[in-house]
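Enquirer: Take a look at this one; I'll ask things after.
The values are calculated or read from the model by the stated rules, or taken from the named source; none is laboratory data. Note that the coordinates shown come from a computational prediction; the quantities given were computed from them, not determined experimentally. All Cβ positions, even for glycine, are placed from backbone atoms using ideal geometry, and neighbour counts span all protein chains on display. Accessible surface is based on the protein model in full, side chains and every heavy atom, while ligands, DNA and RNA are left aside. Shrake-Rupley method; radii C 1.70, N 1.55, O 1.52, S 1.80 Å.
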Amino acid sequence: QVRVVESGGGLVQPGESLRLSCAASRNMFSAKTMAWYRQAPGKERELVAAITGGGILNYADSVRGRFTISRDKPQKTVYLQMNSLKPEDTAVYYCKMIVNHEVAYWGQGTQVTVSS
C-alpha cells in the first residue's frame with residue numbers, strides 16, 4: 001500500500017506565501033521523481049515543479065523564480081515553497097510520486113486560493 005498525502009493549502013492574499021508538504025509512505029525510497037501538479041476549475045492538470053532522484057529541478061515558466069521544490073529524504077517528505085502568490089495560482093495542488101514510466105501515485109490534493 002502506497003500513500004501520498006498533501007497538506008498546507010489555504011486562503012492567502014496576493015503577494016503572500018504558502019508552503020505545501022507531501023508526505024509519502026516508506027515506498028517513496030523507490031521513486032525516481034517527485035512532482036507537484038495543479039488543476040484550476042475548468043482547466044487541465046498541469047505540472048508545476050519536479051525534482052528527480054538525482055536532484056534535477058524542473059519548473060513551469062509561470063512559477064519559475066517564485067516557487068521552490070525541495071525534499072527531505074530522512075522524513076520522506078517533499079515541499080513546495082510558494083512566494084509572491086498570484087490569483088492565477090489558485091488551484092488544487094497535487095503531489096505525485098513517480099516510480100517508473102508505468103507506476104506513479106497521486107495524493108488527494110490540497111486547495112490553494114489566492115484572493116483579495
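Per-residue answers, yes or no, for (1) modelled with pLDDT of 95 or more; (2) open to solvent by 40 Å² or more (accessible area, probe 1.4 Å); (3) among the β-branched types (Val, Ile, Thr):
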position: ALA49; (1), (2), (3): yes, no, no
position: GLY55; (1), (2), (3): no, no, no
position: ALA60; (1), (2), (3): yes, no, no
position: ARG66; (1), (2), (3): yes, no, no
position: ARG71; (1), (2), (3): no, yes, no
position: MET82; (1), (2), (3): yes, no, no
position: GLU88; (1), (2), (3): yes, yes, no
position: TYR93; (1), (2), (3): yes, no, no
position: LYS96; (1), (2), (3): no, no, no
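Enquirer: For segment 14-23, does any single residue satisfy the condition of being out of contact with any Pro (no Cβ under 7 Å at 6 or more places or on another chain), open to solvent by 60 Å² or more (accessible area, probe 1.4 Å) and free of Cβ contacts under 8 Å to residues at least 40 places away in the same chain?
Expert: Scanning segment 14-23, I find no residue that is out of contact with any Pro (no Cβ under 7 Å at 6 or more places or on another chain), open to solvent by 60 Å² or more (accessible area, probe 1.4 Å) and free of Cβ contacts under 8 Å to residues at least 40 places away in the same chain, so the answer is no.
Enquirer: Test TYR105 against the stated conditions and say whether it is assigned to a strand (DSSP E or B) and modelled with pLDDT under 95.
Expert: yes
Enquirer: Applying the selection to segment 61-116, what residues are free of Cβ contacts under 8 Å to residues at least 60 places away in the same chain, among the basic types (Lys, Arg) and closer than 19 Å to ARG3 by Cα?
Expert: Of everything in segment 61-116, those that are free of Cβ contacts under 8 Å to residues at least 60 places away in the same chain, among the basic types (Lys, Arg) and closer than 19 Å to ARG3 by Cα turn out to be ARG71, LYS73, LYS76.
Enquirer: Please list, ordered by residue number, the strands (runs of 3 or more DSSP E) wholly in segment 1-73 having 3 or more residues that are under 11 Å from the mean Cα position of the chain (by Cα).
Expert: The strands (runs of 3 or more DSSP E) meeting that bar are 4-7, 18-24, 33-39, 46-52, 67-72.
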